[in-house]
Amino acid sequence: MREVAALAGVSLKTVSRVVNEEAGVSADVRERVTSAVRHLDYRPNLAASNLRRTSARTGLIGALVQDLSNSFSAGLLRALEDTARARRTGVLAASLDEGVDREREMVHDLVTRRVDGLVIMPASARQDYLVAELRTGTPAVFVDRPPRGVDADSVVVDNVTGGRMGTEHLLAQGHRRIAGLFHLTQIVTAQQRLDGFRAAHEARGLRPDPRLVVTDISSTDEAAHVVDQLLALNEPPTAIFAGRNILASGAVRSLAEHGLRRSVALVSFDDFPLADLLDPPLTVVRQDVARIGRTVGEMIFQRIDGDTSPPRHVVIEPTLVVRGSGEIPPPP
């Protein structure tokens with residue numbers, strides 16, 4: 001604050017008033033202080049009193065995931081929370097909903113609150129905006145999606161292998177008209193799963209029918225509508241690979257409404273609660289969510305404890321869980 005005050009040519013009290021958005025400051029002075037804040041990359045410390053009592057730690061880490069209601073995000077946060085609890089640390093979690101601006105706002109908010117570390121499932125294409133925070137010592141671990149524009153720790157799943165694994169399973173049952181449902185392709189995980197889907201076909205000298213490959217599906221309802229349309233084709237798919245669990249949920253709904261639950265094969269990338277109780281039970285490419293969360297937790301606390309080794313990039317292999325829906329054969 002002293003540096004901001006000196007650069008702006010005002011008192012500490014004036015800086016405090018501007019930072020806390022208090023009245024009684026002229027527009028000209030407010031602009032000078034705001035400009036100095038931006039120039040010096042100043043972040044007000046909302047937990048200053050706590051910091052004085054806890055050796056510059058707040059006992060909090062921030063975790064930004066795409067959707068807290070999604071079973072993958074919920075499982076990840078639970079594993080992270082278990083690790084944090086053993087360290088007497090709390091987790092502040094929020095959903096990004098694939099919002100780039102929201103990501104930056106939430107990161108800024110958490111940094112302002114002086115969290116001890118950040119766990120980020122990024123929505124943005126690049127995370128260069130974090131350079132200043134990383135340089136000043138705020139540790140960050142990226143999960144599910146690797147960082148771009150900065151070099152930081154990450155824990156991801158081999159999505160290409162998972163996409164290929166699920167598609168190969170359907171091809172092995174004899175299916176050739178396999179629909180592929182995928183999330184937003186600007187998100188690296190969705191693109192990688194699509195790459196795996198295509199690679200499985202290419203390995204057998206096949207090309208997926210482009211009419212059966214649908215991308216940029218963002219909700220269960222959209223997925224159900226897409227499957228409705230695919231089933232109405234003159235040559236409908238005999239199998240479906242859903243590149244995300246919420247898309248699989250939409251596919252299940254559509255197949256049930258058309259009375260085709262036991263006629264069209266279905267494999268989902270990622271599991272979800274009660275998937276094993278569907279009729280038939282859902283075959284999935286499973287991510288070890290608990291392991292991912294524990295690994296993220298271990299990495300962030302190693303950094304908080306002072307580990308300055310080069311960034312590590314952990315890739316965890318998915319597994320195929322055969323339950324029944326992916327083993328439905330094509331019609332004779």
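The values are calculated or read from the model by the stated rules, or taken from the named source; none is laboratory data. Nothing here was measured: the structure is a model prediction, and the numbers come from that model. No Cβ is skipped: glycine too gets one built from the backbone with ideal geometry, and neighbour counts run over all protein chains shown. Ligands, DNA and RNA are excluded from the accessible area calculation, which covers all protein heavy atoms including side chains. Shrake-Rupley method; radii C 1.70, N 1.55, O 1.52, S 1.80 Å.
Determine the gain in length on full extension of the stretch Asp128-Asp288; use 0.36 nm per residue of separation and subtract their C-alpha separation, reporting nm with one decimal.
This chain segment gains 54.7 nm when fully extended.
Take every Cα-Cα distance within the chain, group them into 10 Å bins from 0 onward, and report for each bin the whole-number percent of pairs it holds.
6, 23, 26, 19, 13, 8, 4, 1, 0
Mean Kyte-Doolittle hydropathy of -0.5 or higher plus an axial Cα length of 15 Å or more: which whole DSSP H helices in the chain meet both?
Membrane-span-like by this rule: 27-40, 71-86, 159-172, 220-231, 245-257, 289-304.
Specify the inter-centroid distance of the stretch 241-282 and the stretch 5-38, based on alpha-carbon positions, in whole Å.
The stretch 241-282 and the stretch 5-38 have Cα centres separated by 57 Å.
May I ask which residue of Leu171, Pro210, Leu181 lies farthest towards the positive end of the charge dipole of the stretch 146-262, with charges of +1 (Lys, Arg) and -1 (Asp, Glu) on Cβ and the Cα centre as origin?
Of the options given, the answer is Leu171.
On full extension of the chain, what length is gained from Thr215 through Asp279, given 0.36 nm per residue of separation minus the C-alpha to C-alpha distance?
Extra length from Thr215 to Asp279 when fully extended: 20.4 nm.
How many percent of the accessible area of the stretch 72-204 is carbon or sulfur, using a 1.4 Å probe?
In the stretch 72-204, the share of accessible area belonging to carbon and sulfur is 45 percent.
Ordering Glu22, Glu98 by how much accessible area each has at a 1.4 Å probe, largest first, what is the list?
Largest accessible area first, the list is Glu22, Glu98.
Working out 0.36 nm times the residue gap between Asp67 and Val322, then minus their Cα-Cα distance, what length gain in nm do you get to one decimal?
In short, 89.1 nm is gained.
Given the stretch 82-183 reduced to its alpha-carbon atoms as identical point scatterers, what log10 I(q)/I(0) does the Debye formula return at q = 0.12, 0.17, 0.21 Å⁻¹?
-0.54, -0.85, -1.12
Quote the accessible area belonging to Ser124 in square angstrom, nearest 10, computed with a 1.4 Å probe and with ligands, DNA and RNA left uncounted.
10 Å²
Provide the FRET efficiency to the nearest 0.05 for the Arg87-Ala232 pair, computing r from the beta carbons and using R0 = 35 Å.
Efficiency for this residue pair is about 0.05.
What percent antiparallel are the DSSP beta bridges of the chain, to the nearest 5?
Of the beta bridges lying entirely in the chain, close to 10 percent run antiparallel.
Compare Met121, Met106 by solvent-accessible area with a 1.4 Å probe and give them largest first, with all protein chains kept in place.
Sorted descending by solvent-accessible area, the residues read Met106, Met121.
Nearest 20 debye, what's the magnitude of the dipole of the stretch 208-271 about its Cα centre given +1 on Lys and Arg Cβ and -1 on Asp and Glu Cβ?
Once rounded to the nearest 20, the dipole reads 200 debye.
Compare Ser11, Ser268 by solvent-accessible area with a 1.4 Å probe and give them largest first, with all protein chains kept in place.
Ranked list, largest accessible area first: Ser11, Ser268.
How would the stretch 190-238 be classified by its alpha-carbon gyration tensor: rounded, prolate or oblate, with rounded meaning a/c under 1.5 and the a/b versus b/c comparison settling the rest?
Since a/c reaches 1.5 but b/c is at least a/b, the shape of the stretch 190-238 is classed as oblate.
Nothing charged except the Cβ atoms of Lys and Arg (+1) and of Asp and Glu (-1): what's the magnitude of the dipole of the stretch 198-332 about its Cα centre? Round to the nearest 20 debye.
240 debye
Taking the radius of gyration and the Kirkwood hydrodynamic radius from Cα positions alone, what is the Rg/Rh ratio for the stretch 149-196, to two decimal places?
Rg/Rh for the stretch 149-196 comes to 1.10.
What nm distance separates the two modelled labels at His258 and Glu298, each placed 7 Å from Cα along Cα→Cβ?
Here the answer is 4.5 nm between the modelled labels.
Can you give the helix-only mean residue ellipticity at 222 nm for the chain, where every DSSP H stretch with n ≥ 4 adds -39500 (n - 2.57) and the sum goes over all residues, rounded to the nearest 500 deg cm²/dmol?
The helix-only estimate for the chain comes to -13000 deg cm²/dmol at 222 nm.
Along the positive direction of the dipole of the stretch 190-332 (beta-carbon charges: Lys, Arg +1; Asp, Glu -1; about the Cα centre), which of Ile300, Ser249, Leu266 reaches farthest?
Leu266
Sticking with the crude label model, points 7 Å out along Cα→Cβ, report the distance from Asn20 to Asp195 in nm, one decimal please.
5.1 nm
Assuming R0 = 56 Å, can you tell me the calculated FRET efficiency for the pair Ala172 and Glu3, based on Cβ-Cβ distance, to the nearest 0.05?
Efficiency for this residue pair is about 0.30.
Based on the Cα atoms of the stretch 206-324, what semi-axes does the equivalent ellipsoid have, where each is the square root of 5 times one gyration tensor eigenvalue, given in whole Å with the largest first?
So the equivalent ellipsoid measures 36, 16, 12 Å along its semi-axes.
Between Lys13 and Val188, what's the calculated FRET efficiency when r is the beta-carbon distance and R0 is 45 Å? Round to 0.05.
0.45
Treating the beta-carbon of each Lys and Arg as +1 and of each Asp and Glu as -1, no other charges, what is the dipole magnitude of the chain about its Cα centre, to the nearest 20 debye?
Charge dipole of the chain: 760 debye, to the nearest 20.
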